[in-house]
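The values are calculated or read from the model by the stated rules, or taken from the named source; none is laboratory data. Fair warning: this is a prediction, and the values are worked out from it, not measured in the lab. Counting neighbours? That spans all protein chains shown, and the Cβs are built from the backbone with ideal geometry, glycine included.
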Amino acid sequence: MKPSRISLIYLFCIIVFFELSLMAYLIANHRMVLGHDGFEWFVDQWYFVNGKVSYHEVPLWTPFVTHGQVTSYTYNRLGMFSNILMLFSGWIKHINFLPLYYLGLFFDKFILLTGTWLLARRYFKNPLTVFFVASTVMASTITLTQITHTILLIYCLPLTLYLLHRFFDSWKWKWLFATVFLMSIVSINIYYFISLFPLAVFLYFLVVFFITPVKNFKMRGADIVWIIGMVFVLALMAQIFILEHDPLLSIHSPNRPADGHIPLDIFLMYGGGIGLFKWWELFLGISQGWDNTVYLGLLAVPLIFIGIASKNKNKYPFLIGAAFFLLFSLATPVTVLAYYFWPLMTYFRHIGLVTPLIKFYLCFLAGFGFEELFDIDKSKQAKEVLYKSLFSAVLLYLNGLFLCQLVINANLGTFFLDHLSSSMKINLSEGTIDLLYYTARLSMLGALIFLARPFINFSKYASSYTLILIFFHLIVIYGYAYEQMQERSFLLKPKEYALMGFQKFPFVHHRQNDEGAFPRAQLVRLMGGAVYDESYNFTFSDMVRTKYRSDISLIPYDQLSHLFNDPGSPVFLKLVGSSEDKVQFFSHAYPLKNVVDVIQNKDFSGDMLFYSSIGQSRPKGDQLKGLDLSQDQRLNIPYKVLSFSPNQIVIDVDQVAQPGTWMEYCDTWHSHWKAEVNGRPQKVFLGNVAYKAIALQKGKNIVRFYFESNFLTAVYYYFMIGSFIWMGLLILLLMTFPV
């Protein structure tokens, strides 16, 4: 019987309810992400939204990271919801950001749910199968400590596949336009998967093309290649226009060469998580990795095998996809072939962390297995049902016995926990033992549910039996999701929770070697896993050298920092604004084509200003001849910071008595920084290798430095407005077509 629209809506809303309940738990209990990449994403989103709320401008610059840095590299960590928040920043000024961040995670998962639901509706007639697949995908997507390698890898994949299916079915260009528009909006998020995502789409439709009769497929193979190529090019937009257009960016991520291309040996091994052992997690129900998880719920495991063995040819896009990316993740010849022959694959790494993509395919395979056993129209053959049910029951029963053995045999249990290719090591403690016993009991109960299938009058009790099975699956999979949220978050104290609110950024007069005991810095110290230098945007710490992982900086800062091996060098501390103020004044300034030569001179005291300008002519060799580099040309001139924001600083400099006085602001130089002195434009020079230097006038000076990039601003607003439009399109998709 064809399901009614109302029943489909109810089932869809049940998943939405569970997902909202998980987010409500985090929000109501003031729980903070435990760290790793999840905290990095929180900080970056908070920084952008806080800047827009506090200053009514999109932050194009961050003064707290590596002595000043353009924000184009970190903007990719804004989800659609955060982009929308910046459009309506005036409405959220008095709202704590932590609940908004979790609502953003929910919105990203809602995109995943919508796409998964619509795609599953194409493959499964039984609404309960659609519900089973969608709920498994959603509950198994654990995002708190990792965003990039969990949800971003897959969150728009099913929706992209669905939209392209609609285009191929109808040849109506509105579907292609929707796909292109979606890809242009999410390209900023999936730029890291700029090679992997198009490969997944291409491989999927390549298989669809071969299993679909030509008379039912209105496009030629060449058309598929053309369409996938367009999607590929659009995904490339983020990499080209957001990152590569800035020649001053210096990317120094670990094991990534300057040109961005990953050598084959690093490509095959970087990031760990390579091997089959981690897939034992499907049976154990214990997830230890910071980056991603494997568990899909106990019922899904036997159903995956049944789905693989089914005769339904529609399984092949998912079966081949799962097999291909599993081999890809194991550093096999498939990985090497992809490295050499698929465009831009040499930019990718973390092959072991494509697990969420494989999990997505496995969920659909489990859906095919679900219909083999529990759909009335597909499960009438008693003998096949008996064999499949017995297989499922025996598999889960043996798994329950195995889990009990892990607890009884401490050596065996320790071995498995130590070899799950994980970063969050869990000992065979009392809590772990309780969890293994709990999973064992669930496994035994699941075995009984499968065992009952061939012995009941399914035509009479199909609805009751299937609802019991679905209810059991929801308890298992969402219980797991709840447990993971507990493990990957911690409770904030009231004062700590208040720090998540919006406030203006303070101006830091001196760079620090130690963050000290500031509450924000203490909070960051609680984080587990990797901690990144963007954390300084949250702690307001302007450090001499970063103590956290840093993947990017600007070339002028790199050049200066590499000149001093000793971070405690008195000259270095003067130059960077640590022992001296970050706003520095000098009685003279000397133009040089290569300031590095002077900085490296052993006689240089750090108390003089040398500047350069792109395109200036080289001074004559005797211009600095006889100049005493040890002299102190610093001036003590009072000043006041009138206003400070990420994109500008306005400084009131008291009466300048000496003509020829220069001011240096120890914030990294960039070509988009401009200056005004008393309202008149003033050229910004590159001072002492890395910073901004300008000439002052005699008398009173109101100095304004401001970062201006119409291109970057336009791109950011495109993503903001596009995200808002896509929110409406998602609702329209669900309203116009049966969910």
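Considering (1) part of a helix (DSSP H, G or I); (2) touching a Lys or Arg at 6+ places or on another chain (Cβ under 6 Å), the lone condition that ILE725 does not fulfil carries the number (2).
Being modelled with pLDDT under 90 and over 30 Å from LEU499 (Cα atoms): is that true of GLN584 here? Here the answer is no, as GLN584 does not meet what is asked. Are any of the residues in region 164-178 buried (at least 24 other Cβ atoms within 10 Å of the Cβ) and either touching a Leu at 6+ places or on another chain (Cβ under 8 Å) or part of a loop (DSSP other than H, G, I, E, B) (or both)? Within region 164-178, none of the residues are buried (at least 24 other Cβ atoms within 10 Å of the Cβ) and either touching a Leu at 6+ places or on another chain (Cβ under 8 Å) or part of a loop (DSSP other than H, G, I, E, B) (or both). If the condition is being surrounded by fewer than 24 Cβ atoms within 10 Å (Cβ to Cβ) and not in a helix (DSSP H, G or I), then region 75-96 contributes PHE88, ILE92, LYS93, HIS94, ILE95, ASN96.
Output the residues belonging to region 450-480 that are aliphatic (A, V, I, L, M) and buried (at least 19 other Cβ atoms within 10 Å of the Cβ).
Across region 450-480, the qualifying residues are LEU469, ILE470, LEU474, VAL476, ILE477.
Within region 663-687, no residue satisfies the criterion of being out of contact with any Gly (no Cβ under 8 Å at 6 or more places or on another chain), surrounded by 23 or more Cβ atoms within 10 Å (Cβ to Cβ) and among the acidic types (Asp, Glu). When the residues of region 559-580 are filtered to those that are surrounded by 18 or more Cβ atoms within 10 Å (Cβ to Cβ) and not aliphatic (A, V, I, L, M), which remaining residue is nearest to the chain's Cα centre (by Cα)? Result: SER561. For LYS495, the conditions (1) within 32 Å of the chain's Cα centre (by Cα); (2) surrounded by 15 or more Cβ atoms within 10 Å (Cβ to Cβ) are fulfilled apart from (2).
Among the residues of region 83-96, is there at least one that is out of contact with any strand residue (DSSP E or B) (no Cβ under 8 Å at 6 or more places or on another chain), of a type in the set (Phe, Trp, Tyr) and touching a residue at least 40 places away in the same chain (Cβ under 8 Å)? Spell out how you get there, then give the answer.
Taking region 83-96 and keeping what is out of contact with any strand residue (DSSP E or B) (no Cβ under 8 Å at 6 or more places or on another chain), we get 83-96.
Then drop every residue that is not of a type in the set (Phe, Trp, Tyr), which leaves 88, 91.
Next, from what is left, pick out any that are touching a residue at least 40 places away in the same chain (Cβ under 8 Å): none.
No, every residue in region 83-96 fails to be out of contact with any strand residue (DSSP E or B) (no Cβ under 8 Å at 6 or more places or on another chain), of a type in the set (Phe, Trp, Tyr) and touching a residue at least 40 places away in the same chain (Cβ under 8 Å).
Pairing each residue of region 522-534 that is under 17 Å from THR74 (Cβ atoms) with any residue that is in a loop (DSSP other than H, G, I, E, B) and among the basic types (Lys, Arg), provided the two are 6+ apart or on different chains, yields C-beta distances under 9 Å for VAL531/ARG525; VAL531/LYS547; ASP533/LYS547. Which number in (1) buried (at least 19 other Cβ atoms within 10 Å of the Cβ); (2) within 26 Å of the chain's Cα centre (by Cα); (3) within 30 Å of GLN584 (Cα to Cα) marks the one condition that ARG511 misses? ARG511 satisfies every listed condition except (2).
The single residue among ALA462, ALA498 that is under 22 Å from PHE48 (Cα atoms) and not assigned by TED's automatic domain parsing to the domain that holds TYR665 turns out to be ALA498. Selection of region 97-126 for residues being polar (S, T, N, Q) and in a helix (DSSP H, G or I) yields THR114, THR116.
Just one of the listed residues (TYR691, TYR716) is among the hydroxyl-bearing types (Ser, Thr, Tyr), closer than 30 Å to THR114 by Cα and buried (at least 21 other Cβ atoms within 10 Å of the Cβ), and it is TYR716.
Considering GLU487, GLU483, the condition of being closer than 27 Å to PHE12 by Cβ and of a type in the set (Asp, Glu) is satisfied by GLU483 alone. Inspection of region 14-33 finds a residue satisfying the criterion of being surrounded by 23 or more Cβ atoms within 10 Å (Cβ to Cβ), in contact (Cβ under 8 Å) with a residue 12 or more places away in the chain and not in a helix (DSSP H, G or I).
Would you confirm whether any residue within region 476-492 is of a type in the set (Gly, Ala, Ser), without any contact (Cβ under 8 Å) to a residue 60 or more places away in the chain and under 30 Å from LEU284 (Cβ atoms)? Yes, region 476-492 contains a residue that is of a type in the set (Gly, Ala, Ser), without any contact (Cβ under 8 Å) to a residue 60 or more places away in the chain and under 30 Å from LEU284 (Cβ atoms).
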